[in-house]
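Engineer: This is the structure I want to talk about, given as structure tokens.
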2 protein chains.
Amino acid sequence: MKQSQLFGKTTKDVSKDETSINAQYLIRGGFVDKSMAGVYTYLPLGKRVLSKIENIIREEMDAIGGQEILMPALMKKEDWQITGRWDIDVMMKVKTFFDKEYGLGWTHEEVVTPLAKKYAKSYKNFPFSLYQIQTKFRSEKRAKSGILRGREFSMKDLYSFHTNEKDLDEFYDQSKDAYFKVFDRVGIKDKTYLTFASGGDFSKYSHEFQTLTSVGEDIIYICDKCKIAVNQEIIEDLKGSCPECGNKDLKEEKAIETGNIFKLKTRFTEAFNFKFLDEKGKENVVLMGCYGMGPSRLMGTIVELSNDKNGIIWPRSIAPYQVHLVSIGKDEKVITEAEKMYESLQKEKIEVLYDDRNESAGVKFKDSDLIGIPLRIVISNKTLEKDSVEIKRRNEDGFELIKIDKIMNFEF
Amino acid sequence: MKQSQLFGKTTKDVSKDETSINAQYLIRGGFVDKSMAGVYTYLPLGKRVLSKIENIIREEMDAIGGQEILMPALMKKEDWQITGRWDIDVMMKVKTFFDKEYGLGWTHEEVVTPLAKKYAKSYKNFPFSLYQIQTKFRSEKRAKSGILRGREFSMKDLYSFHTNEKDLDEFYDQSKDAYFKVFDRVGIKDKTYLTFASGGDFSKYSHEFQTLTSVGEDIIYICDKCKIAVNQEIIEDLKGSCPECGNKDLKEEKAIETGNIFKLKTRFTEAFNFKFLDEKGKENVVLMGCYGMGPSRLMGTIVELSNDKNGIIWPRSIAPYQVHLVSIGKDEKVITEAEKMYESLQKEKIEVLYDDRNESAGVKFKDSDLIGIPLRIVISNKTLEKDSVEIKRRNEDGFELIKIDKIMNFEF
């Protein structure tokens, strides 16, 4: 992509309401545009990042046997009355001109449970798990922290269905591993803790995945021995000790919830009378788990964790482009060489953003740091004197000169 | 994918309200599930088809320079009041518990115009075009015809921005070609006509893409000489003649609108006071075009056009899987060979659905025809006697026997 044609310019002009780093950098870098409080447009750079995160999550959900579906955002009022959640504050309510009323999905148990019930009747149909990556809506009174807590956002929600607790437990453990694979691939595993949280009426605990960051709204207590954490909401019940090893020397930290998994057991299957016939022809209530992870929230969290005073530092796996090619100056030779390199990189299927704008070196470098593509290639008169280009990694200070005719041997 | 584990069984049990072929076959085949009137869940098979259609559209929009973004579904009431469209019937309105009111997107001129205005100020920034593939909501009083006309559906909407009419005209013509490339790739080009329709206040004509089908709600008049059509709404104005050649011998047909393109010119840019500075530093109003195409509607249309009495016949480009591998009987040898072939096909990156269910040949063939995967490979005792498998194309009657050790040379 030629930067002169890229929609979404870098800007210094960000509202002071946007106090979080992710909002500041994502807006300044031209990744997102704030449409209104808690509601953002993903511009071309931001859409690329979001799609990459979604694809990583998709691959890991597929790997544990999750089957992708797409449920509607419009929801039947009657189904939410069955579970007693129609009048919960977070639910946005929709009206048509002919006075039909819908709920707008902020979670999908009320859709997926009756759906699964239609198709799975015998123990032979179990276990199975369904997921979607879809837009969710939440009536948050105070939308804040950029794309970390929006009124409209991208969500992956997976639901699993089982005939017995052992099977649910096994899948639940697999899902933990899958979540950590995602965190690993997007570069935030080191800062992310499996965190014990309240299990509600049906389970002792649920688990959150909490990622350490100063903008986090949650307080967690870390056990350094077990590398797990406890959410503030249950720390008193646990008398301040680690639920795994009993260690009382826990460290208080601020964190953001980047995922959660929950053994719902029969909470929703009972409400919808979802039963299966077992081997003996007897009816039993189906057991259920739910597993959430928000791609847009992940994107915001990554920006919070991976930046410096000049801008974002994208991990390679989710960077909008792999290479930022920057030409300096208006000399014909520079432009010719830059165009040639742009073509070559594209031919090699290397994703490249080419800053072909008629701007000063200062402006170009500043924008390049802000946008945060992992690798920068600079072509200027100075580098061409040595038949070379300058290569710099966004997360390192130094740079190296590489001969132009050797560039395609470079490990991008 | 092993069919025994696939979520979404085939069924005979479809409501009589569903009179259209697409709804009947898509529900019976386990592609979609009706959540309520006009609102469907895409099950794993259906989600695969929908994603493939979306990707084809994405590629063709990218090819004409469209830049993908993702705008929100929640919309600012004030922006719709500016254009006078807040109280249009199709708009679903959303309320939060704290009495904030939003519109729910059925089109996005009211979002994209102020967005584009923020970033494009000089003639140097033009032309450009932005698109998204996103869920749209419409308050249709009578949702009908399966996924052809829903209350919630997938839509690709592209918007282009120009400094002069010539430039708008050129892009508009490019978009026509891009649309026909999509129709070609999904197998409905032969039945699809560029159709002259009303241009509103700003243009003489707009253009629709109308695909011939008996469930279509539109009446069009085809000129066989020019291979174009005229929508009923303007045929009287044209005194029943072709706008290109004047031919009066037009053929009346039923069709469904599978795309539309419209020169909006200054309809929205004036409302939002979206101007650019020209080469002389003078302010001018930006010109605009919009270009819509619904992936879910395309999917329904393809089913309407490509089926027989036994089920769907998917074009290869958008089939949920390329190969339907079917094992017949319970003999160990059959199962071993089928499993081996399943592995081999997967290794070759051929998308395969493997019917490993413990069902009769009759049930399996019936389901296979209903699901409509382009190529079927059958392994049975009978075929193994000849060290062969039986290969049948869904759109042909005959089949051929192919030696198992030659199967990987076969052109899938």
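Engineer: Would you mind giving the mean number of other chain beta-carbons within 10 Å of the Cβ of each residue in B:93-103, as a whole number?
Structural biologist: So the per-residue partner count for this stretch is 6.
Engineer: Something else now. What pairs in B:K12/B:K47; A:K100/B:K251; B:K118/B:K176; B:K77/B:K121 have C-alpha atoms more than 30 Å from each other?
Structural biologist: Details: B:K12/B:K47 21 Å; A:K100/B:K251 40 Å; B:K118/B:K176 28 Å; B:K77/B:K121 25 Å.
Distance filter (> 30 Å) returns A:K100/B:K251.
Engineer: Shape verdict for segment B:3-308, please, from the Cα gyration tensor: rounded (a/c under 1.5), prolate (a/b greater than b/c) or oblate.
Structural biologist: oblate
Engineer: Loop only per DSSP, at most 16 neighbouring Cβ atoms within 10 Å: give me the chymotrypsin sites (Phe, Trp or Tyr not before Pro) in segment B:203-290, ordered by residue number.
Structural biologist: Numbers: sites: B:Y205, B:F209, B:Y221, B:F262, B:F268, B:F272, B:F274, B:F276; in loops: B:F268, B:F272, B:F274.
Counting only loop positions with at most 16 other Cβ atoms within 10 Å, none of the chymotrypsin sites (Phe, Trp or Tyr not before Pro) in segment B:203-290 qualifies.
Engineer: Hey, another quick one. How many nanometers, to one decimal and shortest first, lie between the label point of A:T83 and those of its other copies, if labels sit 7 Å from Cα toward Cβ?
Structural biologist: So the label point of A:T83 gives 3.5 nm to the other copies.
Engineer: I've got another one for you. Among DSSP bridges having both ends in segment B:321-409, what percentage is antiparallel? Round to the nearest 5.
Structural biologist: So the antiparallel bridges amount to about 50 percent of the total.
Engineer: If one computes the Cα centroid of segment B:137-161 and of segment A:340-407, what distance in Å separates the two points?
Structural biologist: Using only Cα atoms to place each centre, the spacing works out to 44 Å.
Engineer: Rounded, prolate or oblate: which fits the protein assembly as shown when a ≥ b ≥ c are the square roots of the eigenvalues of the alpha-carbon gyration tensor, with rounded for a/c under 1.5 and prolate only if a/b beats b/c?
Structural biologist: Rounded shape, in that the Cα axes give a/c under 1.5.
Engineer: Compute the distance in nm between two label points, each set 7 Å from the Cα along the Cα-to-Cβ direction, one at B:Q232 and one at A:S198.
Structural biologist: 5.9 nm
Engineer: Put the label 7 Å from Cα along Cα→Cβ for B:S344; what are its distances to the other copies, in nanometres, shortest first?
Structural biologist: Here the equivalent label points are 4.3 nm apart from this one.
Engineer: Mind listing the label-point distances from B:K280 to the same position on all other copies, shortest first, one decimal in nm, points 7 Å along Cα→Cβ?
Structural biologist: 9.2
Engineer: Would you be so kind as to identify which of A:W86, B:Y42, B:W106 lies farthest towards the positive end of the dipole of the protein assembly as shown, taking Lys and Arg as +1 and Asp and Glu as -1 on Cβ and the Cα centre as origin?
Structural biologist: Final value for the positive-end residue is A:W86.
Engineer: What percent does the relative contact order of segment B:321-409 come to when contacts are Cα pairs within less than 8 Å and at least six residues apart?
Structural biologist: It rounds to 31 percent for segment B:321-409.
Engineer: Are there trypsin sites (Lys or Arg not before Pro) in segment A:337-412 that DSSP puts in a loop and that have at most 12 other Cβ atoms within 10 Å, and which ones?
Structural biologist: Taking segment A:337-412 and a limit of 12 other Cβ atoms within 10 Å, the loop trypsin sites (Lys or Arg not before Pro) found are A:K349, A:K386.
Engineer: Let me ask you something else. For each pair in A:K156/B:K156; A:K52/B:K265; A:K93/B:K189; A:K330/B:K265, compute the distance between the two Cα atoms and list the pairs where it is over 30 Å.
Structural biologist: Over 30 Å apart, Cα to Cα: A:K52/B:K265; A:K93/B:K189; A:K330/B:K265.
Engineer: Would you kindly compute the Cα radius of gyration of segment A:81-166 and its largest Cα-Cα separation (Dmax), both in Å?
Structural biologist: When restricted to Cα atoms, segment A:81-166 yields Rg and Dmax of 16.0, 49 Å.
Engineer: Here is a follow-up. Which residues among segment A:195-209 fall inside the zone where the amide N is under 17 Å from a point 7 Å beyond the Cα of A:K275, along Cα→Cβ?
Structural biologist: none
Engineer: Another question about this same structure. Note down the nm distance, to one decimal, between modelled labels 7 Å out along Cα→Cβ at B:K16 and at B:K340.
Structural biologist: Taking the two extended label points, one gets 5.2 nm.
Engineer: Now a separate question. Calculate the dipole size of chain A relative to its Cα centre from +1 charges on Lys and Arg beta carbons and -1 charges on Asp and Glu beta carbons; express the result in debye to the nearest 20.
Structural biologist: Value, rounded to 20: 640 debye.
Engineer: Here are some pairs, A:K16/A:K144; A:K95/B:K144; A:K239/A:K263; which of them have Cα atoms lying more than 22 Å apart in this structure?
Structural biologist: As for pairs spanning more than 22 Å Cα to Cα, those are A:K239/A:K263.
Engineer: Still on this structure: Quick check for me: using +1 on Lys/Arg Cβ and -1 on Asp/Glu Cβ, what's the dipole size of segment B:70-154 about its Cα centre, in debye to the nearest 20?
Structural biologist: That gives a dipole near 160 debye.
Engineer: Another one. If you restrict to DSSP beta bridges whose two residues both lie in the protein assembly as shown, what percentage is antiparallel, to the nearest 5? Walk me through the numbers before you get to the answer.
Structural biologist: On the way: 145 of 177 bridges.
The answer is about 80 percent antiparallel.
Engineer: May I ask you to list the GluC sites (Glu not before Pro) in segment A:136-236 that are in a DSSP loop and have at most 15 other Cβ atoms within 10 Å of their Cβ?
Structural biologist: Here the GluC sites (Glu not before Pro) that fit, given the DSSP loop and packing criteria, are A:E217, A:E236.
Engineer: Given only helices, namely DSSP H runs of n ≥ 4 each adding -39500 (n - 2.57), what is the per-residue ellipticity at 222 nm of the protein assembly as shown, to the nearest 500 deg cm²/dmol?
Structural biologist: -8500 deg cm²/dmol
Engineer: How big is the antiparallel share of DSSP beta bridges in segment B:3-308, given as a percent to the nearest 5?
Structural biologist: 90 percent
Engineer: Moving to a separate point now. Counting only Cβ atoms, what residue of chain A lies nearest to the axis that sends chain A onto chain B, and how many whole Å off?
Structural biologist: A:V94, 3
Engineer: Once a ≥ b ≥ c are taken as the square roots of the eigenvalues of the Cα gyration tensor of segment A:351-402, is the result rounded (a/c under 1.5), prolate (a/b larger than b/c) or oblate (a/b not larger than b/c)?
Structural biologist: It is oblate, given that a/c is not under 1.5 and a/b is not larger than b/c.
Values in this text are rule-based calculations from the coordinates and carry no lab data. These numbers were taken from a predicted model, which means no experiment stands behind them. Backbone-built Cβ (ideal geometry, glycine too); neighbour counts: all protein chains shown.
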